Amino acid sequence: MARFTVFAGTVVFAILSLFGLMFSWWFVFPLAIFGFLAALGTYDVLQPRHSILRNYPVIGHMRFLFEGIRPEIRQYLIENDQDEEPFSRDKRSIVYQRAKGVEDKRPFGTRMRVYDSGYEWLTHSVVPKKIANEDFRVTIGGPECKKPYEASIYNISAMSFGSLSANAILALNIGAKKGGFAHDTGEGGVSRYHREGGGDLIYEVGSGYFGCRTDSGRFDVDKFRKQAGHPQVKMIELKLSQGAKPGHGGVLPASKITPEIAEARDIPMGQDCLSPASHPEFTTPIEMMQFIKKLRDNAHGKPVGFKLCIGHRREFMCIIKAMLETKIVPDFIVVDGKEGGTGAAPLEFANHMGMPLVEGLTFAHNALRGAGLRSQVKLGASGKLVTSFDIAKALALGADWANSARGFMFAIGCIQAQACHTNECPVGVATQDPLRQRAVDVTRKSERVYRFHRNTMHALAEMTGAAGLDHPGEFLPHHLITRESDRDMVTGDEIYPYLPEGFLLREEEDEFGYLMRWRRSRASSFEPFDLPLIEAGLEQRA
């Protein structure tokens, strides 16, 4: 309650000044000052537009004051608008502007250093096209899927109820319903707030099997069948790992579990909630495919796939070999880059575990192409994709659609305070504190979610048309150009070439560097095929 101290103090001093007028007219001056501040604080608490002001009346205005003068301070003294911590001011500003429906154009040219190494751009056409339909869709569902889903190419990535507040989940889902795009539940299960919003859901099944678990934490097929049968649930996503902390489990302490979280996760009150690092239902690639078939058999014909952050590339090829051997092919795979992650993670994991999205997506796309399976599997991508250029680049590298978590968090008021794990989110987005989360006005914030998606799709349509294309899915690596040095630039198809279809199934020179891992992978185990050779090599090196 300390955040209301200043507001309460202004009210007290305003009342004292009012009584002081009985003794001296000089009290009119403090009355004017404190009366104004008390009125301002009252307005802040009652207004629904700004989350910061609702949670920090009076003193919250200091943030907007510093926000106004910060560009000059940063430009000359500290940093520029492209520095990422982890999202740059430029990227956050574009989300805020598009979510609010205000002017998102900028005068006086780019602020980016276009001659610095790493600068990227898209090639454009002298005969640009006008794209009338900006509701870009992709059909997700392979030959075994009876109810394919017509998904937007930009959706809300996985964020659980419990990590986000009830109001945040509700605002996201209502916005998704209005905009016709999907909302991934995260591994925390389908909560009452997901259902109340009415929007399309991707039900994520993590290693804790929340919402479809037995009392001992194993998978419960009957509970899963009930969850998957809900009309809002459009796809099932088996989570293997996430970008923030791949290969790391999690614990939600009993002290943080509310009755509503327990209801959504189907867990008891008063006990720590465990998310194992690996799935207890399978240990080999073939067993994983059999588990996916089990999900598919009970998913009422809806698309079933899995999500992962690429780690050992050979293990991903083990999964592909299991697909070929069992003839069980998932409908989709979501590649999460290590730069993704709304959840808190150990510093070493956040900084040094997992493959970034560009490399992970390129590898997954090519491995599927090399095995001749790419046409059967749709690819999603997630990891700091908040602008139309981010989406276009992901599509060019092989994705069929993109997901964003933090982009939509910005749309509902996140200010990148990075206090998500403390339960003290200043804008009420990532907290279970009922007083803090009241700052998220569901009606207004859901409209911002809808506008952010709509305006981002409009910007993507303009970029697509400028490139002379009819649909964003037509972007290819050669549309990307990257500067390698002051004078040199290289096209995307030189950096991210597509592997020929069926290449891995043919015996030929490994010019792409994939065959070595393919030969060391096997469907029966995630262990390398030539483990004795590796052990011998380690002994020799020692």
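The values are calculated or read from the model by the stated rules, or taken from the named source; none is laboratory data. Small disclaimer: the values here were computed from a predicted structure and weren't measured. Neighbour counts are summed over all protein chains in view; Cβ atoms, including those assigned to glycine, are modelled from backbone coordinates with ideal geometry.
A single entry from Ile286, Ile292 fulfils the requirement of being modelled with pLDDT of 95 or more, under 22 Å from Trp518 (Cβ atoms) and either surrounded by fewer than 20 Cβ atoms within 10 Å (Cβ to Cβ) or in contact with a Phe, Trp or Tyr (Cβ under 9 Å, 6 or more places away or on another chain) (or both): Ile292. Of the candidates Ser375, Ser382, the single residue that is buried (at least 21 other Cβ atoms within 10 Å of the Cβ) and hydroxyl-bearing (Ser, Thr, Tyr) is Ser382. If you go through region 102-125 and pick out every residue that is without any contact (Cβ under 8 Å) to a residue 40 or more places away in the chain and either assigned by TED's automatic domain parsing to the domain that holds Leu480 or among the aliphatic types (A, V, I, L, M) (or both), you end up with 2. Pairing residues of region 126-148 that are of a type in the set (Ser, Thr, Tyr) with residues that are not in a loop (DSSP other than H, G, I, E, B), at Cβ distances under 9 Å and at least 6 apart in sequence or on separate chains, gives Thr139/Tyr149; Thr139/Glu150; Thr139/Ala151; Thr139/Lys378. Within region 267-290, residues that are closer than 16 Å to Leu252 by Cα reach partners that are surrounded by fewer than 12 Cβ atoms within 10 Å (Cβ to Cβ) with beta carbons closer than 6 Å, at six or more positions or on different chains, in the pairs Asp272/Val251; Asp272/Pro253; Leu274/Val251.
Checking each residue in region 351-370 for being buried (at least 17 other Cβ atoms within 10 Å of the Cβ) and either aromatic (Phe, Trp, Tyr) or over 15 Å from Leu308 (Cα atoms) (or both) picks out Phe363, Asn366, Arg369, Gly370.
Looking at this structure, is Arg98 in contact (Cβ under 8 Å) with a residue 60 or more places away in the chain, crowded, with 17+ Cβ neighbours inside 10 Å, touching a Lys or Arg at 6+ places or on another chain (Cβ under 8 Å) and not assigned by TED's automatic domain parsing to the domain that holds Thr456? Here the answer is yes, as Arg98 does meet what is asked. Within region 147-165, can you find the residues that are modelled with pLDDT under 95 and over 27 Å from Ser241 (Cβ atoms)? Result: no residue meets the conditions.
If only residues of region 328-368 that are of a type in the set (D, E, K, R) and out of contact with any Ser or Thr (no Cβ under 9 Å at 6 or more places or on another chain) are counted, the one that is nearest to Ile495 (Cα to Cα) is Glu359.
Every test in (1) within 23 Å of the chain's Cα centre (by Cα); (2) under 18 Å from Tyr209 (Cα atoms); (3) surrounded by 15 or more Cβ atoms within 10 Å (Cβ to Cβ); (4) of a type in the set (A, V, I, L, M) is passed by Ala299 save one, and that test is (1). Scanning region 386-432 for residues that are in contact (Cβ under 8 Å) with a residue 24 or more places away in the chain and assigned to a loop (DSSP other than H, G, I, E, B) yields a count of 20.
Listed by position, the strands (runs of 3 or more DSSP E) enclosed by region 175-257 that each have at least 1 residues that are out of contact with any Lys or Arg (no Cβ under 9 Å at 6 or more places or on another chain) and crowded, with 17+ Cβ neighbours inside 10 Å are 250-252. Filtered by the rule that a residue be hydrophobic (A, V, I, L, M, F, W, C) and assigned to a loop (DSSP other than H, G, I, E, B), region 93-125 gives Val102, Phe108, Met112, Val114. Of Pro143, Pro128, all but one fail to be in the same structural domain as Ala459 (by TED's automatic domain parsing) and in a loop (DSSP other than H, G, I, E, B); the exception is Pro143. The residues on offer are Leu373, Leu347, Leu385, and the sole one that is under 11 Å from the mean Cα position of the chain (by Cα) and either of a type in the set (Val, Ile, Thr) or over 15 Å from Leu308 (Cα atoms) (or both) is Leu385. Ser446 falls short on exactly one of the conditions (1) over 20 Å from the mean Cα position of the chain (by Cα); (2) farther than 27 Å from Ala367 by Cα; (3) not hydrophobic (A, V, I, L, M, F, W, C), and that condition is (1). Being crowded, with 19+ Cβ neighbours inside 10 Å and assigned to a loop (DSSP other than H, G, I, E, B) holds for only one residue in Pro330, Pro280, and it is Pro330.
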